[in-house]
Amino acid sequence: MSTNEQTSGLKKLMQNKKFQELFWYLVFGVLTTIVNLIAFWILRKSFKVEWPVKIGSWNFDLFVTFINAIAWVVAVVFAFVTNKLFVFHSKGKVIKEFIAFVIARLFTFFAFELGLFSVSVMIMENACNMPKDDLWFSIFGFDVDNIYIVKIFISVFVVVANYIFSKVFIFNKDKKSSDSSEKAPDQTDTAEEPDETEASTSES
């Protein structure tokens, strides 16, 4: 394959609406994850608090789950605005879409951000003997320890599930209705053409 063919193929791919939608969703999905991590980091650094809970023989810090929930709220607001305006370009009612968006995000929150996150932290600390505060590396004063590795791992599931909900259930209906309304004038125009043809035939 020549360089020109590769370039033209890349241009066609970049112009594809489905590819653009998926590309921008991934971009803003990564940014949403970063917003979540930064909010979580700020809260964790600001409040040196622990709420120790014992579940059977396993120990767990409930405060980590609490600040994770607050970070989730911040990330959800950011994700809704960027998804509506820049990913799906939806023109639907803001309140209606926001409610549907929050309901879908609540499902992924309880399933992954709360459920899988809490279970993963408990397994990491108790079964694997890896304390959540064990440091991996630091970058610009941001300490990346075990708990952030868990959050990044969970984020993969969250991003995929949220895309499915946003694409299929939240922003899709309004796009279909707007597409059908745009096609309606074309159909009326084509319907009128035979009438003009018949009129000209009768005059002749």
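The values are calculated or read from the model by the stated rules, or taken from the named source; none is laboratory data. Everything numeric in this text was worked out from a predicted model, so none of it was measured. Don't worry about glycine lacking a Cβ; one is built from the backbone with ideal geometry, like all the others, and counts go over all protein chains shown.
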Being aromatic (F, W, Y), modelled with pLDDT of 90 or more, part of a helix (DSSP H, G or I) and farther than 26 Å from K84 by Cα, is that true of even one residue in the stretch 33-44?
yes
Lone unmet requirement of (1) of a type outside the set (S, T, Y); (2) in contact with a Ser or Thr (Cβ under 8 Å, 6 or more places away or on another chain); (3) under 23 Å from V159 (Cβ atoms) for V30:
(2)
Which residues, counting only those in the stretch 29-43, are crowded, with 18+ Cβ neighbours inside 10 Å and over 22 Å from F63 (Cβ atoms)?
G29, T32
Being exposed (fewer than 13 other Cβ atoms within 10 Å of the Cβ) and within 10 Å of the chain's Cα centre (by Cα) is the filter here, so list the residues in the stretch 161-170 that pass it.
I164
All but one of (1) within 24 Å of I123 (Cβ to Cβ); (2) in contact (Cβ under 8 Å) with a residue 60 or more places away in the chain; (3) not charged (D, E, K, R) hold for G56, so report the exception by its number.
(2)
One residue is enough: does the stretch 110-118 have a residue meeting the conditions of a type in the set (D, E, K, R) and either in contact (Cβ under 8 Å) with a residue 60 or more places away in the chain or touching a strand residue (DSSP E or B) at 6+ places or on another chain (Cβ under 6 Å) (or both)?
no
So S118 clears everything in (1) closer than 25 Å to N83 by Cα; (2) among the hydroxyl-bearing types (S, T, Y); (3) at pLDDT 85 or above except one condition, right? Which one?
(1)
